[in-house]
Amino acid sequence: MAAHEFYFSFDDLGGMAGVQKWMQFAARFRTELGRVMATRYSESMYLEDRIMNACAALESLDGVGRGNVDEKGVYLVDRLTECINVAGDPFKSLIVEDPRQWATRVKDCRHSLAHHLEAFRTNSTGVEHLLAEQLYWLFAMCSLRMVEAPQDVFASIAKHPQVRWLTGEATRAERHGGPAQP
């Protein structure tokens, strides 16, 4: 990979100390990380499966991370909202809408996908691609916060052309009446 393709550098992460923290995180959240990385690197994964995998990984990341994985009354919207709070401003700029509203939209999309509802079957659009990317970045940024990545990591990610493009797409969708509902 060329240097311009990286989202952040080894030095941005804090060198070997940052890598050590990441490796500890990766060991603790192996299954969640595997599900999300499959959404990025599997050549044959359907978009719907990317969304479902990322939702499951985020739900578990929050539950295991906060130690309330089996707690009653903690729903997906709550877990996603907490992940957004952990990820902070770099992620909030990728969704360009109220975090709880976005989390509710994700929950509705996941429900439509899981039950193969008519709304999804007849109205699958490019917005789901944006949603899948946003979910990936929520997991990535939340994970980086959990390993206490330096602010330089988030500043570098925010400057990356793909992230700037995603932010622009979210802004355009919001400007045109908000993202479509599946």
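A few points about this structure:
- Residue list for segment 48-107, restricted to those being in a loop (DSSP other than H, G, I, E, B) and either within 14 Å of the chain's Cα centre (by Cα) or within 30 Å of Lys159 (Cβ to Cβ) (or both): Gly88, Val96, Glu97, Asp98
- Scanning segment 7-40 for residues that are of a type in the set (Val, Ile, Thr) and at pLDDT below 95 returns a single hit, Thr39.
- Selection count, segment 91-111, where residues are in contact (Cβ under 8 Å) with a residue 24 or more places away in the chain and either surrounded by fewer than 21 Cβ atoms within 10 Å (Cβ to Cβ) or touching a strand residue (DSSP E or B) at 6+ places or on another chain (Cβ under 8 Å) (or both): 6
- Residue in segment 173-182 that is at pLDDT 90 or above, among the hydrophobic types (A, V, I, L, M, F, W, C) and on the phi < 0 side of the Ramachandran plot present: no
- Pairs meeting the criteria (first residue in segment 166-182 and assigned to a loop (DSSP other than H, G, I, E, B), second residue at pLDDT below 80 and not hydrophobic (A, V, I, L, M, F, W, C), beta carbons under 6 Å, at least 6 apart or on different chains) are Ala180/Thr125; Pro182/Asn123.
- Taking residues in segment 130-153 that are at pLDDT below 95, and partners anywhere that are of a type in the set (Asp, Glu) and not in a loop (DSSP other than H, G, I, E, B), the pairs with Cβ atoms closer than 6 Å and at least 6 places apart or on different chains are Leu130/Glu169.
- Residue in segment 28-50 that is buried (at least 19 other Cβ atoms within 10 Å of the Cβ) and among the aromatic types (Phe, Trp, Tyr) present: yes
- Filtered residues of segment 5-25 (kept if of a type in the set (A, V, I, L, M, F, W, C) and surrounded by 15 or more Cβ atoms within 10 Å (Cβ to Cβ)): Phe8, Leu13, Trp22, Phe25
The values are calculated or read from the model by the stated rules, or taken from the named source; none is laboratory data. This is a predicted model, so every value here is computed, not measured. All Cβ positions, even for glycine, are placed from backbone atoms using ideal geometry, and neighbour counts span all protein chains on display.
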